[in-house]
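Worksheet: the structure to be examined is printed underneath.
A short reminder: the numbers here are calculations on the coordinates, not readings from a lab. Because the structure is predicted, anything quoted here is derived from the model rather than measured. Cβ: placed from backbone, ideal geometry, glycine included. Neighbour counts: every protein chain shown.
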Amino acid sequence: MTQVPAPGSVVVSDWHRCKDSKDYFSKILHKKRRKNFGLLESPVMSPLNAVDTVQYKIFISGKSGVGKTALAARLAGLNIPNMHYETTGIETTVVHWPVKLTENGRVLFFRLQLWDCGENALRRFDHLLPSCKEQVDAVLFLFSFTDRTSFEDLSNQIKKWTEPPLDRVVKLVVGTKYPFENIDLFMHCDVAEKDVRGFQMTSGLPVLRMGGEVSDGLGDVAPLLNCLAENLWHQDCVTVGSGSYRSQRETATLI
């Protein structure tokens, strides 16, 4: 497994808070809310600030009810469903996210296509999981802080992604329904922080937390999206053995 890069070593952390990022993030925001892009749409930059786009396929893995569909909606700035429903097949969501590389200050737009498939559908239809795994670049393993069994199931999830060529796929763990400062949620928390730290040390995988109120801006999703972009770009650089790798994934320069 490729060594996980230190946070901020590949992309500039909290770049969305910096003045020089305003022109780029304004292309994915409208009145401080995220713009909704169709499958064939992309942010449009001026010719003076042309930016290359890199594309990646991300699979979201986890037990039913941990919040896979809600996470995809949250990362894309879409409305989160009020009620839980089992995803009946494969749903895809596209997220556009600009980052600034630490090494050379270059700006890239990441186009992340999130694949979400219901647990029951995966069990019933054998062809769905191979479709999700085909040309996949990263997998997000989800567990819920309010469901102990989903945390204990992580090792089983990860084992399915350890054989070549999937051993080089970027892997991140995301704990959903994290209480943060919500005392009421803390009372219903089934996964202790010490357990999470122990898992992180044993597995060597980053563990991120999602929960709390959904903001109209970018602060609640930036840590996860930056970490994902950082690990994806680092993996590409390692693959070709060069830290200044110009990704083969790049599409035509945005105009």
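Couplings for segment 166-172, taken from phi via the Karplus curve 6.51 cos²θ - 1.76 cosθ + 1.60 with θ = phi - 60°, read 6, 5, 9, 6, 5, 10, 10 Hz in order; Gly and Pro are left as x. Footprinting exposure proxy ranking of Ile90, Ile58, fewest other C-beta atoms within 10 angstrom first, gives Ile90, Ile58. About its Cα centre, how strong a charge dipole does segment 20-172 have in debye, to the nearest 20, once Lys and Arg get +1 and Asp and Glu get -1 at the Cβ? That gives segment 20-172 a dipole magnitude of about 500 debye.
Of all the options Asp190, Asp153, Asp20, the one that moves most in a Gaussian network model of the chain with Cα springs shorter than 10 angstrom is Asp20. In the chain, helical runs assigned H by DSSP with n ≥ 4 each contribute -39500 (n - 2.57); averaged across all residues and rounded to the nearest 500, the mean residue ellipticity at 222 nm is -7500 deg cm²/dmol. Counting only alpha carbon atoms, the long axis of helix 222-240 and the longest principal axis of the chain meet at about 70°. Placing pseudo-labels 7 Å out from each Cα toward the beta carbon at Arg17 and Arg124 gives an inter-label distance of 4.6 nm. Residue by residue, segment 30-46 carries 3J(HN,Hα) couplings of 9, 6, 6, 10, 5, 6, 9, 10, x, 4, 9, 9, 8, x, 10, 9, 6 Hz when phi is fed to the Karplus relation 6.51 cos²θ - 1.76 cosθ + 1.60 (θ = phi - 60°); x denotes Gly or Pro. For segment 51-240, relative contact order (Cα pairs under 8 Å, six or more residues apart, normalised by length) works out to 22 percent.
Once the Cα atoms are used to define both axes, helix 193-203 deviates from the longest principal axis of the chain by about 70 degrees. The ranking of Thr92, Thr202 from fewest to most other beta carbons within 10 Å of each one's beta carbon is Thr202, Thr92. Counted by neighbouring Cβ atoms within 10 Å, the residues Glu152, Glu119, Glu213 run from fewest to most as Glu213, Glu152, Glu119.
Positive end of the dipole of the chain, charges at C-beta (+1 Lys, Arg; -1 Asp, Glu), about the Cα centre: which of Ser42, Val11, Ile60 has its Cα farthest in that direction? Value: Ser42. Using bins of 5 Å that start at zero, the share of Cα-Cα pairs per bin across segment 51-240 amounts to 1, 7, 16, 21, 21, 17, 11, 5, 1, 0, in whole %. So for segment 78-153, averaging the separation of alpha carbon pairs under 8 Å that are six or more residues apart and normalising by length, what relative contact order in percent results? Dividing the mean separation by the residue count of segment 78-153 yields 25 percent. Within a straight-line Cα-Cα reach of under 24 Å, Lys63 can be paired with the following lysines, leaving aside sequence neighbours fewer than 8 residues apart in one chain: Lys133, Lys159, Lys160, Lys171, Lys177, Lys194. Relative to the Cα centre, the charge distribution of segment 18-70, modelled as +1 at Lys and Arg Cβ and -1 at Asp and Glu Cβ, gives a dipole magnitude of about 400 debye.
A dipole drawn for the chain from +1 and -1 charges on Cβ atoms has a positive end, and of Leu225, Ser21, Val207 the residue lying farthest that way is Ser21. Please report, in debye to the nearest 20, how large the charge dipole of the chain is about its Cα centre when each Lys and Arg carries +1 at its beta carbon and each Asp and Glu carries -1 there. About 460 debye.
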